[in-house]
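Structure, as structure tokens:
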Amino acid sequence: MTEPVLLVTVVATALAFDFTNGFHDTGNAMATSIATRALTPKRAVLLSASLNVVGALLSLAVAATIAKGIVDAGVVTLDVVLGGLIGGIVWNLLTWMWGLPSSSSHALVGGVVGAVLASAGAHGVLWSGLVAKVLIPALFAPIVAILVAAVGTWLVVRSTRDVSEDTNDRVFRWGQIGSASLVSLAHGTNDAQKSMGIILLALIASDPVRYGNSTVPLWVILSCAVAMGLGTYTGGWRVIRTLGKGLVELEPRQGMAAETSSAAVILLSSHFGFPLSTTHVATGSILGSGVGKKGASVRWHIAGRMFIAWLVTVPSAAFVGGACYGLGRVAGPYSVFGLLLVVAAMIVVRSRRKPVNHKNVNDAWEAKGGAEAAIAESLVDHDPSLLVVKRKKRKKKKKKKRKKHDEETEDVNVDVQE
Amino acid sequence: MSGYIEWNALVDVIVISLIVGAGLPALFALGVRALAGTGSRNDAGRIPRIRVTAAFACFAVVFGAIFSAIVLIGSGHH
């Protein structure tokens, strides 16, 4: 009993989700390298997009978790997958519009869990899998990233303190090409898998005999890898457009330590099949690199946003996913797809009228935040423009200071020059 | 309930992330220090062979670790 049109709709929606995931998360792999000047934005985009594709082909553990580890594939129908998938996307879009912290990965899991709850009740959800594979690792990974990046940065800064700054910057920028590549690769091994898992779930639902025991078919792997790569590439161009000239600056030593930490945590989690928020790991690493370098405290403001995202996303997305499934039952599955289009259109209209920005929110703590805080904030909010504003402000401040300084020491300078 | 937390995997993630994620940049940094730290050049302005060897050993371990990690993940029986 296959419903080909419905299946195609689900697959297309999953690929679209994959595309937006790449689009949104470009910054995770690129922001650090751009801020340290290790890569020009254009090169960073190309590298990131192509290695995303490679990473997506490397591992399938996370896809297996999504398809078989969280809900009972036996009770899942195509309506459920569609409801859950669209519920997750709608929740993502809403939080984006409201400026709430979120995680697209958790939203996807939440949506599917909610739709299964609505259709089959509590026994359709594999609770131990949900907790052990998703909720706990999602909480745990950013904390590990903070720790690893802090230790790494501390060790690196300590071992190279008697090397001249020029040499350090030059060599570590070079090293960053390696670490940035690893982050992009890791992103592919975790995020692209989520859509593969959803598509596999849809395939199992539509034809349990054929797909019940199979792994992810090759065409699914390839199309998800390409969708994510294209999303990263397109998102990268948005980042480049937003960035313009002035950017926050980060020391390459910190950048490399942060990227290596992200790559290690994400790759290991992928290996164990933990679908986590790569954004939160990248944010944690940046925060940790600040701690390791100068003993700065963790920016609790940003860590708090990640914690709220962890706490709120799964239940809320589950509620929306359940509601979407309910709507599908009452008014037919295509009405759910219609709902998605309506919400998306609404958001496009709204965002044109009143551009979303957090610039005002940041003013209060920006002064003492520094480069790490700016980058972390831009990652966690998927807002590359945050990399720019700070720099301009700081430039102005520097200029003012310099002017003052110049006026005060003018006489001395003249003496010295003569 | 042990079924709700995969302790072994989580401990592995912490320990291996620390060794690899913090250790590799540190090793890279040691290599850089061997080549460019204070005292890395002798009176003739050259880097002694032992420092060059040490540096390249560091870099080789870093590259080797990355390469084998990718192979390991790619070949995982999923």
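Please treat every number below as a calculation from the coordinates, not as lab data. Everything quoted here is computed from the prediction, not taken from an experiment. Note that we place each Cβ from the backbone using ideal geometry, even for glycine, and neighbour counts take in every protein chain shown.
What does the net charge come to around A:V291 if you take all other residues with beta carbon closer than 10 Å to its beta carbon, with K and R at +1 and D and E at -1?
+2
Would you please state the base-10 log of I(q)/I(0) at q = 0.30 1/Å for the range A:271-321, with intensities from the Debye formula using one equal scatterer on every alpha carbon?
These q points yield log10 I(q)/I(0) values of -1.10.
If you build a Gaussian network model of chain A, linking Cα atoms that sit under 10 Å apart, which residue out of A:V76, A:V343, A:V125 swings the most?
Most flexible of the set in this elastic network: A:V343.
Does anyone have the angle between helix A:41-58 and the longest principal axis of chain A? Alpha-carbon axes, 0 to 90°, nearest 10?
40 degrees
Between A:H382, A:H271, A:H123, find the one with the highest GNM mean-square fluctuation for chain A; connect C-alpha pairs within less than 10 Å.
Evaluated over chain A, the most mobile residue of the options is A:H123.
Suppose each label sits 7 Å from its Cα in the direction of the beta carbon; what would the A:W98-A:R43 distance come out to in nanometres?
The answer from the label model is 4.3 nm.
First check a/c for the range A:191-262, with a ≥ b ≥ c the square roots of the eigenvalues of its C-alpha gyration tensor; if it is under 1.5, answer rounded, and if not, answer prolate when a/b is larger than b/c or oblate otherwise.
prolate
Please sort A:372-378, A:42-48 by packing, taking for each peptide the average over its residues of neighbouring beta carbons within 10 angstrom, highest first.
Highest mean packing first, the order is A:372-378, A:42-48.
Would you list the P(r) distribution for the range A:36-143, with all Cα-Cα distances sorted into 10 Å bins from 0 and each bin expressed as a whole %?
13, 33, 35, 14, 5, 0
Label the range B:8-51 by shape, choosing from rounded, prolate and oblate, from the square roots a ≥ b ≥ c of the eigenvalues of the Cα gyration tensor; if a/c is under 1.5 it is rounded, and otherwise prolate applies when a/b is larger than b/c, oblate when it is not.
prolate
For a footprinting-style exposure proxy, rank B:F67, A:F272, B:F56, B:F28 by other Cβ within 10 Å, fewest first.
B:F67, B:F56, A:F272, B:F28
Compute from the Cα atoms of the protein assembly as shown the Rg and the Dmax, the latter being the longest Cα-Cα distance, and quote both in angstrom.
Expressed in Å, the Cα Rg and Dmax of the protein assembly as shown come to 24.0, 91.
What percent do you get for the relative contact order of the range A:204-345 when only Cα pairs under 8 Å and 6+ apart count?
Value for the range A:204-345: 12 percent.
For chain B, list log₁₀ I(q)/I(0) at each q in 0.16, 0.19, 0.22 Å⁻¹, using the Debye formula over Cα point scatterers of equal strength and ignoring solvent, two decimals each.
Debye output, listed in q order: -0.72, -0.87, -1.00.
Quick one: A:S385, B:S68, A:S103, fewest Cβ neighbours within 10 Å first, how do they rank?
The most exposed by this proxy come first: B:S68, A:S385, A:S103.
Pick from A:F23, A:F172, A:F274 the residue whose mean-square fluctuation is largest in a GNM of chain A, springs joining Cα atoms under 10 Å.
Comparing A:F23, A:F172, A:F274 in the GNM, the peak value goes to A:F172.
Enter the angle in degrees (range 0 to 90, nearest 10) between the Cα long axis of helix A:333-353 and the first principal axis of the Cα atoms of chain A, meaning the one along which they spread out most.
In chain A, helix A:333-353 runs at an angle near 20 degrees to the longest axis.
Roughly how crowded by other chains is peptide A:166-177, in terms of the mean Cβ count from those chains within 10 Å of each of its Cβ atoms?
So the per-residue partner count for this stretch is 3.
Across 5 Å bins from 0, what is the distribution of all Cα-Cα pair distances for the range A:86-195, in whole percents?
Taking all Cα pairs of the range A:86-195, the binned fractions are 2, 9, 12, 16, 16, 13, 9, 8, 7, 4, 3, 1, 1 percent.
Measuring from label point to label point, each 7 Å out along Cα→Cβ, what is the A:R170 to B:F56 span in nm?
Placing both labels 7 Å beyond Cα along the Cβ direction yields 2.0 nm.
Only sites in a loop by DSSP and with at most 13 other Cβ atoms within 10 Å count here; which trypsin sites (Lys or Arg not before Pro) in the range B:45-75 make the cut?
The qualifying sites are B:R46.
What is the mean number of Cβ atoms from other protein chains located within 10 Å of the Cβ atom of each residue in peptide A:264-277, rounded to a whole number?
If you average over the peptide's residues, the count of other-chain Cβ atoms is 5.
For the Cα atoms of chain A, what angle does the longest principal axis make with the long axis of helix A:78-98, in degrees from 0 to 90, nearest 10?
It is inclined by approximately 30 degrees.
Mind sorting A:V71, A:V220 by how few other Cβ atoms lie within 10 Å of their own Cβ, fewest first?
A:V220, A:V71
What net charge is computed for the residues neighbouring A:C224, neighbours being all others with C-beta under 15 Å from the C-beta of A:C224, Lys and Arg scored +1, Asp and Glu -1?
-2
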